[in-house]
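Input: a single structure, listed below in structure tokens.
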Amino acid sequence: MAEELTVLHQTHTWDLMTLPPGKYAIGCHWVYKIKTKAYGSVESYKARLVAKGYSQKYGLDYEETFTPVAKMMTIRTLIAVASVRKWKIFQMDVKNAFLYGDLHE
């Protein structure tokens with residue numbers, strides 16, 4: 001949890017502000033997960049701070065939702081093209097990513 005909070009603070013994920021009159025803050029909660037290796041031994045402990053988005057109301061807290069997700073067929077196509085063109089492929093783990101991070105709510 002401490003590592004997650006440190007990263008959120010370093011990336012300026014949010015700023016503390018006073019809420020406008022008549023507005024309410026959206027809550028959040030911690031989600032914990034134990035990642036295991038193939039044979040069941042513990043690899044790492046994960047903690048994520050997530051917003052309770054289900055408490056939002058259309059037209060009041062948000063206008064639209066969008067979640068960028070890569071489809072498996074797209075990934076396979078890219079790997080096939082890279083293979084034919086003999087491109088190098090690298091894999092990386094992203095610890096903390098915020099796409100389209102500027103929120104106005």
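Every number in this text was worked out from the coordinates using simple rules, so none of it is lab data. Because the structure is a prediction, the values reported are computed rather than measured. Neighbour counts run over all protein chains shown; Cβ positions are idealised from the backbone, glycine included.
Phi angles of region 70-77 translate, via the Karplus equation with coefficients 6.51, -1.76, 1.60 and θ = phi - 60°, into HN-Hα couplings of 7, 7, 4, 4, 5, 4, 4, 4 Hz per residue; Gly and Pro are given as x.
Placing a pseudo-label 7 Å from each Cα along the Cα-to-Cβ vector at LYS86 and THR74 gives an inter-label distance of 2.9 nm. Among 28-34, 84-90, 45-51, sorting by the average number of other beta carbon atoms lying within 10 angstrom of each residue, highest first, gives 45-51, 28-34, 84-90. If you take every residue apart from VAL42 with its C-beta less than 14 Å away from the C-beta of VAL42, what net charge results, scoring Lys and Arg +1 and Asp and Glu -1? The answer is +3.
Rounded to whole Å, the principal axis extents of the Cα atoms in region 2-64 read 53, 26, 17, largest first.
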